[in-house]
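Each remark here refers to the structure printed beneath this line.
Where a number appears in this text, it was derived from the coordinates with a stated rule and is not lab data. A quick note: this is a predicted structure, and the numbers were derived from the prediction, not measured. A quick note on method: Cβ atoms are made from the backbone with ideal geometry, for glycine too, and the neighbour counts reach across all protein chains shown.
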There are 2 protein chains.
Amino acid sequence: MKVANYHDSEPIKEVEGVLKREVITADDGAPNFCMRFFEVDTGSSTASHSHPYEHEIFVLNGKGVIAGEQGSTPIGKGSVVFIAPEEPHCIVNTGNEHLEFICLIPLQKKK
Amino acid sequence: MKVANYHDSEPIKEVEGVLKREVITADDGAPNFCMRFFEVDTGSSTASHSHPYEHEIFVLNGKGVIAGEQGSTPIGKGSVVFIAPEEPHCIVNTGNEHLEFICLIPLQKKK
């Protein structure tokens, strides 16, 4: 069993204004999927992209939008997002504080 | 893409004092793993058990302990927990407010 705080994982700059922490990985013994913690600065955005694996997201703090092929949808604390494989998407912080969320992906398909 | 709030999922009584919401499931198209939201009342506990699949947990609110073979470890907002397959565990709310966390498990092995 691993019990830690997300702060214990080193922040990695994903793109400008976006930090990623890999909080549960294969190194912890995870056999199927891994958990990452993201922090997006006000006005910043994750990369607009698609990939052959899904995202499962829970928003912890802040306000923003998730943009996809059907336009932009507001998200905030308590939002749950499922992004299917190959769906284009990006997450934009439109609020006045950090937008924080966790995002899980299957293992061996990390980006 | 599914964008929702965890409140949109119906709460299910897991055991006395513990509510579960299945917020991302195979019904949403999730191919590999699913996300559940748990709410544990003050003084209540999840079932003490083990099973052949892992848990990946992020604590959203409240205070408690996670009990396993190595004793009890405090958890609170921002805690990250990885429980390997077959590890005995339970989560106890030792605080004065709801203990809320999300817990992900691989698909087709739901409990």
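The table below gives the values:
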item: The stretch B:66-110 - residue that is within 23 Å of residue A:7 (Cβ to Cβ) and among the charged types (D, E, K, R) and, of those, surrounded by the fewest Cβ atoms within 10 Å (Cβ to Cβ); result: B:97
item: The stretch A:35-49: number of residues that are more than 9 Å from chain B (Cβ to nearest Cβ), surrounded by 15 or more Cβ atoms within 10 Å (Cβ to Cβ) and not acidic (Asp, Glu); result: 7
item: Conditions (1) surrounded by fewer than 16 Cβ atoms within 10 Å (Cβ to Cβ); (2) facing chain A (nearest Cβ under 10 Å); number of the one not met by residue B:52; result: (2)
item: Residues satisfying the stated conditions in the stretch A:77-90, i.e. of a type outside the set (S, T, N, Q), under 22 Å from residue B:100 (Cβ atoms) and under 13 Å from the mean Cα position of the chain (by Cα); result: A:80, A:81, A:82
item: Where residue B:32 falls short, out of the listed (1) in contact with a strand residue (DSSP E or B) (Cβ under 7 Å, 6 or more places away or on another chain); (2) within 26 Å of residue A:54 (Cα to Cα); (3) more than 9 Å from every other protein chain (Cβ to nearest Cβ); (4) not hydrophobic (A, V, I, L, M, F, W, C); result: (3)
item: Scan of the stretch B:61-76 for residues that are closer than 22 Å to residue A:33 by Cα and more than 7 Å from every other protein chain (Cβ to nearest Cβ), ordered by number; result: none
item: Scan of the stretch B:1-57 for residues that are within 30 Å of residue A:65 (Cβ to Cβ), in contact (Cβ under 8 Å) with a residue 24 or more places away in the chain and among the hydrophobic types (A, V, I, L, M, F, W, C), ordered by number; result: B:23, B:26, B:30, B:33, B:34, B:35, B:37, B:38, B:57
item: The lone exception for residue B:17 - which of (1) within 12 Å of chain A (Cβ to nearest Cβ); (2) at positive phi it fails; result: (1)
item: Residue within the stretch B:13-28 that is in a loop (DSSP other than H, G, I, E, B), out of contact with any Gly (no Cβ under 8 Å at 6 or more places or on another chain) and among the small types (Gly, Ala, Ser) present; result: no
item: Test: residue in the stretch B:79-93 that is more than 9 Å from chain A (Cβ to nearest Cβ) and polar (S, T, N, Q); result: yes
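Yes/no matrix, rows are residues, columns are (1) in contact (Cβ under 8 Å) with a residue 12 or more places away in the chain; (2) under 28 Å from residue A:28 (Cβ atoms); (3) of a type outside the set (Gly, Ala, Ser):
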site	(1), (2), (3)
A:59	yes, yes, yes
A:76	yes, no, no
A:81	yes, yes, yes
A:84	yes, yes, no
A:88	yes, no, yes
A:92	yes, no, yes
A:98	yes, yes, yes
A:106	yes, yes, yes
